[in-house]
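Remarks on the structure that follows.
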Amino acid sequence: MLTWLRELSDWIWQDRLWFPAGLGWANLKDRDGQVFAKGRDLWVIFPIAVCFLIIRQIFERTVAVQLASLLRVREKPRVRAAPNTTLESYFCNASKFPSQSSVEELTKQSACSVRQVQRWFRRRRNQERPSQIKKFREACWRFTFYLLAFIAGLGALIDKPWFYDMEEMWNGFPTLPLLPSQYWYYMIELGFYISLLFSVATDVKRKDFKEQIVHHVATILLISFSWLVNYIRAGTLIMLVHDASDYLLESAKMFNYAGWRKTCNYIFILFAAVFILTRLVILPFWIIHTTWVYPLTLYPPFFGFYFFNGLLFVLQCLHIFWAGLILRMAIKFLPGNDIVEDERSDREETESDEEDDDREKREKTKNGFVLNGNGHTVLNNNHHHSKME
């Protein structure tokens, strides 16, 4: 068994898959005082991720709470659903959104009216939605990390030639010496994204939950792979581009939860501009162009070349998807709109929603049709008789 695993490992990590012809892992051995990235270095990201989880818990319970109080973040009053064993069992075991036929069946079992059952499920769903304070604390934590990561990344790259000339990313590849600043930038970023995967079960769930998971996994694979095969320079630029706009979005959400509407809108405008510039212009037309086109002028294509650019393509597709959400959110800047809401958020249901539903039904009744219990349209006989008279 061990022999088979060793053979499989040797096949996966053979030189011709991950490096241009004539180059390989032997070129990445430390020599002459130069240190190169090694796969075993990545083990440190797991204790770093655990440290991030601990620091986050302390930060959210101290700094974030104090900041929420300072910005006067307020909870929206919620009416709790009355205890009901029958409805609670259906809610937990069957569905949180019962169909009309299920509602009618539940009215018989619970001795409640249709209106009462619908109101109970509305209130029960609201109880499970995250509070304003929880969302503020999460945004505050991410804002702090992304801002510090962007500042640190910019400081580490501002004096590097590949920051200004993309082609310098490949100058001397793969024998690119590892700098201490690059080492810590990589380990901290990887540790943070690993911590996000660990905490995904307790974080605020949004409509793009699956896309977020794909993004985190693709980012971890991309950063890890660029470390293994010494695409260090390209990797640091990609991380910096991502950090450039994330802290702006998180700060906009913080002011949104605090009710600072104009501040939120102004920051969101800035975020949208930076996001489009970095994710839809700089990343594809500068960085990806240099990782896809320029290497082919130096080496024949190899599997590692396609694998790295394939991961970049996945990220770019996600960026396009999120750009669409951002544009939808930008519509809220039209006259009459006071605040920018996160399109990915699950909107809290209110009692007015129920009143709107009833009003809509009354309007339909006036127009000569109503919906029966199965959702089919039937003629309103009373309205029809009045017309005939």
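No lab work stands behind these numbers, since they all come straight from the coordinates. Values in this document were obtained by computation on a predicted structure and should not be read as measured data. Positions of Cβ are backbone-derived with ideal geometry, glycine not excepted, and every protein chain shown enters the neighbour counts.
Among 222-230, 161-169, how do they line up from the highest to the lowest mean number of other beta-carbon atoms within 10 Å?
Working: 222-230: 21.0, 161-169: 15.3.
Highest-to-lowest ranking by the protection proxy: 222-230, 161-169.
If packing is taken as the average count of other Cβ atoms within 10 Å, what order do 11-17, 317-323, 245-251 fall into, highest mean first?
Put in order of decreasing packing, that is 245-251, 317-323, 11-17.
Once R0 is set to 22 Å, what does the formula 1/(1 + (r/R0)^6) return for the Cβ-Cβ distance between residue 316 and residue 167, expressed as a FRET efficiency to the nearest 0.05? Walk me through the intermediate numbers first.
Working: r = 20 Å, r/R0 = 0.92.
Efficiency computed from Cβ-Cβ geometry: 0.60.
Specify the inter-centroid distance of the range 254-301 and the range 227-242, based on alpha-carbon positions, in whole Å.
Using only Cα atoms, the two centres lie 15 Å from each other.
Among the listed pairs 76/210; 76/96; 76/108; 210/253, give every one whose C-alpha distance is greater than 25 Å. Before the final figure, lay out each step's value.
Numbers: 76/210 28 Å; 76/96 21 Å; 76/108 33 Å; 210/253 20 Å.
From the list (76/210; 76/96; 76/108; 210/253), the Cα-Cα distance tops 25 Å for 76/210; 76/108.
Can you run phi through the Karplus equation (6.51, -1.76, 1.60; θ = phi - 60°) for the range 216-223 and list ³J(HN,Hα) in whole Hz, with x for Gly and Pro?
Here the 3J(HN,Hα) series is 4, 5, 4, 5, 4, 5, 5, 5 Hz.
Expressed as a rounded percentage, what relative contact order does the range 85-128 have, with Cα pairs under 8 Å and six or more residues apart? Could the numbers behind the result be given before it?
Values: 22 pairs, mean separation 17.4, N = 44.
Reported as a whole number, the value is 40 percent.
Suppose each label sits 7 Å from its Cα in the direction of the beta carbon; what would the residue 69-residue 13 distance come out to in nanometres?
Between residue 69 and residue 13, the simple spin-label model gives 5.2 nm.
If packing is taken as the average count of other Cβ atoms within 10 Å, what order do 66-72, 177-183 fall into, highest mean first? Numbers along the way, then the final one.
On the way: 66-72: 13.4, 177-183: 15.4.
Descending mean neighbour count gives 177-183, 66-72.
Gain in length, residue 281 to residue 115, computed as 0.36 nm per residue apart minus the alpha-carbon separation, to one decimal in nm? Kindly include the intermediate steps, with their values, before the conclusion.
Values: separation 166, 0.36 × 166 = 59.76 nm, distance 5.18 nm.
Taking 0.36 nm per residue and subtracting the Cα distance, the gain is 54.6 nm.
In units of 2.2 N^0.38 Å, what is the alpha-carbon radius of gyration of the range 85-128?
Numbers: Rg = 9.2 Å, N = 44, 2.2 N^0.38 = 9.3 Å.
Against the empirical 2.2 N^0.38 Å value, I get 0.99 for the range 85-128.
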